Every structure is written in structure tokens, then in C-alpha cells.
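Notes follow the structure.
The values are calculated or read from the model by the stated rules, or taken from the named source; none is laboratory data. All values derive from a computational prediction rather than experimental measurement. Cβ: placed from backbone, ideal geometry, glycine included. Neighbour counts: every protein chain shown. Surface accessibility is based on the protein's heavy atoms, side chains included, excluding ligands, DNA and RNA. Shrake-Rupley method; radii C 1.70, N 1.55, O 1.52, S 1.80 Å.
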Amino acid sequence: MATWGGRQPEEVCGQPPLNSKIVGGADASPGFWPWQVSFQSGGSHFCGGSLISADWVLSAAHCFQSITASKVQVLLGLANVQGTKPNMQQRNASKIINHEGYNYNITLYNDIALVQLSSSVTFNNYVLPVCLAASKSSFPGGTAVWITGYGQVASNVSLPYPQTLQEVQVPIVSNSDCAKVYGSNVILDNMICAGITQGGKDSCQGDDGGPLVVKQNTTWVQAGIVSFGNGCAKPNSPSVYTRVSQYQDWINSKISSKKPEFVLSNNSHGSPKLFCLFLSFPIIPFLPFLSIL
């Protein structure tokens, strides 16, 4: 089992020692988000993910609809996807497990995937796992969360993606408010929404599969996975994320050893709140962040 400084994975997840595009965000400092992953194929970034143990990465199922594990490289410890990469660890994907209940052409539900690495990573200041939100975790509307990624910094812009990992803080939008935008038949309990009323801060193309995290006391916990949205950073259009806490049993059923650490999060008292109010809008069509390869 991989250890770091004599500590076990459950003692290091979600506790980056160096942390005391994304639209509207800022460059992230090296080591702030040591679980962030860049999935690449042919040397090009196409999706994000999060390290959850020494051997496994969590991401979105829609990222892997048209690509096989043999064509996927997994890069960790990157502050910048170009230039020198002094802290990078690179692995190949040995297995991709998409949720059995996800079908890109039929449903938006169960947009979650696990990627097994070709060999275990070495934990250090720049490569560490994130803790996962356990079943029955609660993230009320207004809870401040962070999203990170290497994706586009505006809608409908040409590649390349930004070179430096981006970070941005937004509030959780309650599922009831989110359903006023997308429709109650779209937003279900296995989803979680986040964004600001005025727009301008959001995840975007290329951030797909990446983490939405919240700080629970001294520990960072992943609450969501970038899934879909109505464009990027539009006013009154929160983005939609896979709700990680709904998949604890599924994740544990797929990983036989070196399991990730789950943390029960109840952020009614332990997390700052950001004001957010969404109005009622007609149902709008599903517009995925990314057209896969």
C-alpha cells in the first residue's frame, strides 16, 4: 500500500500541504490541488479527473465514450500542461470502468467512471488523493465549493486549452433551483449543481470529469464531477455535476484493494456560504461540455 511520510492513504487524502480553465478563475499554485489529473491522448488534453487512491482516478463516463484505455495517458502533478514538468508523474490507463447505467445517447444519469492506473503513483506534495463525499453527505445551496481544470476559459473559443491549471470558487445551487433551469425531469438526486447568478465563473469544455471539492474542517472532500451544462458561465445557468456521495457503494464494488477514503460531509455548519439565487426559466436543451474525440 502506498504511503507518504509514514502515513496511510486515509491519513493524507484531501490534505494538500501546499494549499493553506475554468471560466473567470485564476492560475492555481503548484501543489494546491494535488489530486487533479489531466487525461491525454496523442499528447493532447481532453478531460480531467481526480486521484482517489494510489491506483485509481475518478472521472466522468462521457469522457470515455469513444476512446479505449490503451490510448489514454494519465498525467498527475501538473501545474502547467506545457513546458517543464518537474513534479509530473505519468501513467497509462490499464482499465476504464464506465457506470453500467450511463448511455451517452439516452441518459444524463450516472455520468461517472473509474480509471485504473498502469502502476501505483508515489504520494508527495504534488500528487495526493482527494477524499470522497460519503453517502448521506449534505451540501446545501450556497455552500462555497471549488472547481479546477485545464479546460477552456470561455465558451466557443478555439483550442488550445489554457496551459496552467485554473481554479474558481462558486456556490452550490440547490437541486430545486437548478431544476427551474433544466427541468425536474433532468435534475435528479444523483446530481449536484453549482454556479453564480450573474455568470462569469464556471467549468467549461475540457474540465469534464474534473473535481468539485469543498473544505470540510481541515479536509478537502470531492462532492461532484464535472458533467454537463448550458454552455459555460452564462447567467442563471448553473453547471451540473455528478453527485459523488450517491456512488459510494458503486465505487467500492469496483475497487477491490487500495480503496478510496470516504468522508461524511455535513456543510450546514462547517463551510462558508456564498449568496446565490436562481430564477425560474424554461427547460433548455442539454448541451454537453465536450464532444469526445
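Summary table
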read-out: Filter pass, S155 being at pLDDT 95 or above and open to solvent by 30 Å² or more (accessible area, probe 1.4 Å); value: no
read-out: Residue match in region 30-37 (condition: modelled with pLDDT of 95 or more and farther than 23 Å from W146 by Cβ); value: no
read-out: Residue match in region 94-105 (condition: touching a Pro at 6+ places or on another chain (Cβ under 9 Å) and either closer than 20 Å to I192 by Cα or polar (S, T, N, Q) (or both)); value: yes
read-out: Residue that is most open to solvent (accessible area, probe 1.4 Å), among those in region 62-72 that are at pLDDT 95 or above and farther than 19 Å from V130 by Cβ; value: K71
read-out: Search result, residues across region 31-47 that are buried (at least 23 other Cβ atoms within 10 Å of the Cβ) and small (G, A, S); value: S38
read-out: Complete set of residues in region 104-129 that are assigned to a loop (DSSP other than H, G, I, E, B) and closer than 22 Å to V221 by Cβ; value: N110, D111, I112, V121, F123, N125, Y126, L128, P129
read-out: Test result for I96, β-branched (V, I, T), under 25 Å from M191 (Cα atoms), at pLDDT 90 or above and over 16 Å from the mean Cα position of the chain (by Cα); value: yes
read-out: Single residue of region 73-91 satisfying the filter (modelled with pLDDT of 95 or more and over 18 Å from the mean Cα position of the chain (by Cα)) that is least open to solvent (accessible area, probe 1.4 Å); value: Q89
read-out: Index of the failed condition, S291 passing every other in (1) outside any loop (DSSP other than H, G, I, E, B); (2) open to solvent by 70 Å² or more (accessible area, probe 1.4 Å); (3) at pLDDT below 65; value: (1)
read-out: Every residue from region 181-213 that is charged (D, E, K, R) and modelled with pLDDT of 95 or more; value: D189
read-out: Subset of region 124-141 [over 20 Å from I251 (Cα atoms) and open to solvent by less than 10 Å² (accessible area, probe 1.4 Å)]; value: V127
read-out: Subset tally (residues that are at pLDDT below 95, within 23 Å of P140 (Cβ to Cβ) and surrounded by fewer than 16 Cβ atoms within 10 Å (Cβ to Cβ)) for region 243-276; value: 7
read-out: Region 92-105, residues that are open to solvent by 30 Å² or more (accessible area, probe 1.4 Å) and more than 21 Å from V244 (Cα to Cα); value: N92, S94, N105
